[in-house]
Amino acid sequence: MRTVAAPDLDALCVELAAELIGIVRDRQSEGAVPCIVLTGGSGGAASLAALAAHPDRDAVDWSRVRFLWGDERWLPAGDPERNDRLADDTLFAAVGVDPSLVHRVGAAGGDLSLDEAAEEYARLVAGIDRIDVAINGVGPDGHVASLFPGRPEVELVGAEAPAAVAVRESPKPPPERVSLTLPTINRAHRVWLLAAGEGKRNAVGDVVAGRPTPAGLLSGTAETVLWADEAALGTAG
Ligand SMILES: O=C(O)[C@H](O)[C@@H](O)[C@H](O)[C@H](O)COP(=O)(O)O
């Protein structure tokens with residue numbers, strides 16, 4: 001696992017955005033439509049804002065990028081607390097994306113129940129042959145996406161595991177969510193963990209020590225990168 005450190009979240013996300021833009025450009029130069037899994041929370045918001053503001057942003061044809069979410073809160077479409085709303089208000093407001101390549105999880109109050117939306121997302125994600133980069137914010141308890149320590153969804157790891165699952169009674173509000181499962185995140189070519197702030201120090205320590213928290217169980221097929229600021233790493237001066 002490679003670790004990238006920076007003084008704070010904003011500086012970290014400038015570096016993350018530069019590296020992501022480079023990867024997307026390389027894949028597009030090969031004629032591919034790269035697939036990126038976005039995350040929620042403060043890390044998701046900061047990484048998306050950094051992409052939207054990056055000087056090399058327009059070197060990417062964002063209309064030829066496929067977007068998924070590692071998890072989504074079960075809220076009405078357009079709700080400000082939804083993770084896809086973070087993208088709408090930042091990167092998607094700054095660049096032209098192709099809505100047919102932006103794969104949003106169903107929304108509460110729509111035609112599908114939570115379980116139906118999870119099943120629909122699982123089918124969609126299972127049909128995507130390559131995930132280039134999966135960005136995962138790390139929670140203070142070591143959760144990633146909506147996979148929380150000790151919860152049954154973390155145990156969905158066999159070949160028969162669905163690509164996505166409904167989550168109820170989430171310890172992090174809101175209580176209902178849809179989450180990718182670990183094997184789906186881990187089939188990404190590159191799995192990135194994003195953690196900033198002293199509150200993530202224990203979770204980051206578990207990852208560095210190789211302890212089997214959900215974050216510690218993430219591993220990309222080609223690489224795994226821990227993006228962490230000095231406070232989360234415990235290296236602040
Ligand atoms: O829906 C969510 O809340 C996120 O997807 C979740 O997995 C988040 O990435 C972590 O909880 C870290 O969030 P913070 O960066 O805000 O601590």
Positive-end residue of V138, P174, L156, charge dipole of region 2-233 with Cβ unit charges = L156
request  = Treating only the Cβ atoms of Lys and Arg (+1) and Asp and Glu (-1) as charged, compute the dipole magnitude of the chain about its Cα centre; round to the nearest 20 debye.
outcome  = 340 debye
task = Step through the residues of region 5-21 one at a time and calculate ³J(HN,Hα) from phi using the Karplus curve (6.51 cos²θ - 1.76 cosθ + 1.60, θ = phi - 60°), rounding each to whole Hz and writing x for Gly and Pro.
result = 10, 8, x, 8, 4, 5, 5, 4, 6, 5, 5, 4, 4, 4, 5, 5, 4
query = Taking +1 at the Cβ of each Lys and Arg and -1 at the Cβ of each Asp and Glu, which of V65, T235, L16 sits farthest along the dipole of the chain towards its positive end, judged by Cα position relative to the Cα centre?
reply = T235
message = Please list 3J(HN,Hα) in residue order for region 50-59, calculated via the Karplus relation 6.51 cos²θ - 1.76 cosθ + 1.60 where θ = phi - 60°; whole Hz, with x for glycine and proline.
response = 5, 4, 4, 9, 6, x, 8, 3, 7, 7
request  = Take the alpha carbon atoms of region 123-190, find their center, do the same for region 16-91, and report the distance between the two centers in whole angstrom.
outcome  = 18 Å
ask   = For the chain, which semi-axes, largest first and in whole Å, follow from the square roots of 5 times the eigenvalues of its Cα gyration tensor?
value = 24, 22, 17
note = Once phi for every residue in region 131-140 is put through the Karplus expression 6.51 cos²θ - 1.76 cosθ + 1.60 (θ = phi - 60°), the whole-Hz ³J(HN,Hα) values, with Gly and Pro written as x, are 10, 7, 9, 10, 8, 10, x, 10, x, x
task = Would you please classify the overall shape of region 1-100 from the alpha carbon gyration tensor, given that a ≥ b ≥ c denote the square roots of the eigenvalues, rounded means a/c under 1.5, and beyond that prolate means a/b larger than b/c while oblate covers the rest?
result = oblate
CD proxy at 222 nm, helix term only [per DSSP H run n ≥ 4: -39500 (n - 2.57); per residue of the chain; nearest 500] = -9000 deg cm²/dmol
ask   = What residues have an amide H closer than 5 Å to that of G220, excluding those fewer than 5 places away on the same chain, when H is modeled at 1.01 Å from N in the peptide plane?
value = V191
message = Between E81 and L101, what is the label-point separation in nm under the 7 Å Cα-to-beta-carbon projection?
response = 3.2 nm
ask   = Amide H of L226: which non-local residues (sequence gap of 5 or more, or other chain) have their own amide H closer than 5 Å, using H built in the peptide plane?
value = R2, T3, V4, L193
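Fully extended, how many nm does the chain gain between D111 and D56 (0.36 nm per residue separation, minus their Cα-Cα distance)?
15.9 nm
A short reminder: the numbers here are calculations on the coordinates, not readings from a lab. Small disclaimer: the values here were computed from a predicted structure and weren't measured. Counting neighbours? That spans all protein chains shown, and the Cβs are built from the backbone with ideal geometry, glycine included.
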